[in-house]
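The values are calculated or read from the model by the stated rules, or taken from the named source; none is laboratory data. Computed from a predicted model, the values in this text were never measured in an experiment. Here Cβ is always computed from backbone atoms with ideal geometry, including for glycine, and neighbour counts include all displayed protein chains.
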Amino acid sequence: MSIAFGGMVAFFFRGVNLAVALATVVFTTHLLSDDEYGLLVLSLSVIGLVNAATGGLTAATAYQIANQQRASGRAFAGAAGPAVLLGGLAAGIGLVASQSLGGDWGRVALPIGLAAAGVVLNSAVAGVFLGRNLMLRYNLALVAPPAFALIGIGVMFLAIDERTPEAGLAMFAAGQWAALAVLTLTARKTVFDGFALDRGLSGAVVRFAFVAGISSGLSYLNYRADLFVVDYFEGKSGAATYSRAVYLAESVWQVSGSLALATYARVGSLGREEAAELTARVMRHTVAMLGLICIVLFAAADVIAALVFGDDGVASALRFILPGVFLYGLAQSFSGFYTYQRGFPWVSALVAGAGLILDMGFAFALVPAMGVDGASLASSLAYGLAISGALVIFMRSERLSPARILRFGREDLEDYRRLFRRLRALA
């Protein structure tokens with residue numbers, strides 16, 4: 001499968017996911033006050049951190065299947081035990097926090113915990129699909145939870161007329177569990193193929209997932225930690241504005257993520273030299289496509305922000321963050337190479353950790369002076385510096401020149417010519 005075609009398939013589903021997320025953002029924005037929406041966004045950021053960290057469980061399961069050639073059921077068994085324990089811990093923490101905390105966080109603690117538990121268990125199932133290169137199933141695992149959540153939020157807000165952050169979060173949790181049930185039942189033959197408990201394998205999965213989870217968690221904090229800095233200095237209404245700008249900017253990563261996702265299983269199964277060359281190709285496609293998209297977003301920021309959110313502060317913040325978002329789009333390919341090919345998820349963790357430290361330093365310096373725009377500039381600077389260091393590591397370790405990553409050539413154009421010929425043939 002060519003990068004262009006595989007990326008197109010993955011992008012279709014990510015586009016659906018993006019549309020669901022946009023519908024959720026617009027829907028809740030218009031039915032909640034800025035302060036309530038800010039609380040919802042901050043709560044979803046906590047769940048998002050759990051989702052990112054337990055992405056290590058997805059990576060560990062996929063690595064055992066694609067790289068270590070384990071039976072899918074056996075790899076799933078190695079991941080399911082830790083997933084159940086972590087899910088139970090998340091739900092328990094939510095229950096205790098709901099009884100012991102006061103104010104806003106006490107209201108939302110339990111649904112956050114229940115949603116996080118569902119996220120953890122879904123991660124193990126998604127890892128099976130990714131490792132088996134079942135991209136349709138894997139993409140459905142990404143789309144189904146937020147889609148079910150949006151339906152539930154619509155029912156809760158409109159039919160039941162319960163319009164609160166905690167009600168929305170309860171439906172988000174229900175969406176996670178409904179997706180888990182549907183995905184597991186409809187793919188039970190794949191998920192449980194060769195199912196067998198193996199303590200040694202479970203230990204390997206936990207060790208890999210721990211390091212990969214740190215990497216993913218740090219990456220997510222790099223994206224979201226300054227949201228809490230904005231909340232501290234600008235309040236929840238400022239956090240709401242910043243979250244809208246970040247959502248629009250990071251939506252372009254659906255493109256780079258699709259390109260990288262289309263090759264993860266191949267990167268894991270190829271030899272090191274071939275995998276490095278494939279990763280460089282993905283990076284070249286990413287530079288070309290994201291560059292064009294970011295230019296359009298930069299030029300149309302005022303129109304988009306006004307039409308979608310009616311928030312004057314979004315356009316300016318969006319422009320500040322876009323350069324860093326463009327550069328950091330390469331991080332997904334970089335992470336995929338070191339996680340699925342080399343089995344070194346800690347490399348990505350170092351890059352993400354450096355980005356987080358830079359982001360926090362810049363944020364505390366810039367947000368008091370520039371407000372929401374300061375947070376966007378802080379993220380942009382951190383993204384740019386972090387990925388520059390990552391690319392130096394990649395090029396030196398794999399003996400690649402900058403041109404192999406940045407120069408879009410004839411061989412890359414041919415990939416799209418083949419795609420267009422294939423589409424014409426289908427028509």
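Some notes on this structure:
- Just one of the listed residues (230, 314, 255, 325) is under 30 Å from residue 134 (Cβ atoms) and surrounded by 24 or more Cβ atoms within 10 Å (Cβ to Cβ), namely 325.
- Odd one out for residue 68 among (1) assigned to a helix (DSSP H, G or I); (2) surrounded by fewer than 24 Cβ atoms within 10 Å (Cβ to Cβ); (3) out of contact with any Ser or Thr (no Cβ under 7 Å at 6 or more places or on another chain): (1)
- Condition broken by residue 111, with the remaining ones in (1) over 17 Å from residue 178 (Cβ atoms); (2) in contact with an Asp or Glu (Cβ under 8 Å, 6 or more places away or on another chain); (3) not hydroxyl-bearing (Ser, Thr, Tyr) satisfied: (1)
- Subset of segment 142-187 (residues that are of a type in the set (A, V, I, L, M), outside any helix (DSSP H, G or I) and touching a residue at least 40 places away in the same chain (Cβ under 8 Å)): 187
- Odd one out for residue 237, checked against (1) at pLDDT below 90; (2) polar (S, T, N, Q); (3) under 21 Å from the mean Cα position of the chain (by Cα): (3)
- Per the listing 288, 331, 354, the residue uniquely under 22 Å from the mean Cα position of the chain (by Cα) and surrounded by 24 or more Cβ atoms within 10 Å (Cβ to Cβ) is 331.
- Residue selected from segment 87-106 under the condition part of a helix (DSSP H, G or I) and at pLDDT below 90, by the criterion surrounded by the most Cβ atoms within 10 Å (Cβ to Cβ): 104
- Residue check for residue 249: of a type in the set (A, V, I, L, M), closer than 29 Å to residue 336 by Cβ and within 18 Å of the chain's Cα centre (by Cα): yes
- Taken over segment 198-224, the criterion of being among the β-branched types (Val, Ile, Thr) and crowded, with 22+ Cβ neighbours inside 10 Å is satisfied by 205 alone.
- In segment 26-46, residue modelled with the highest pLDDT [restricted to those that are more than 23 Å from residue 118 (Cβ to Cβ) and among the hydroxyl-bearing types (Ser, Thr, Tyr)]: 33
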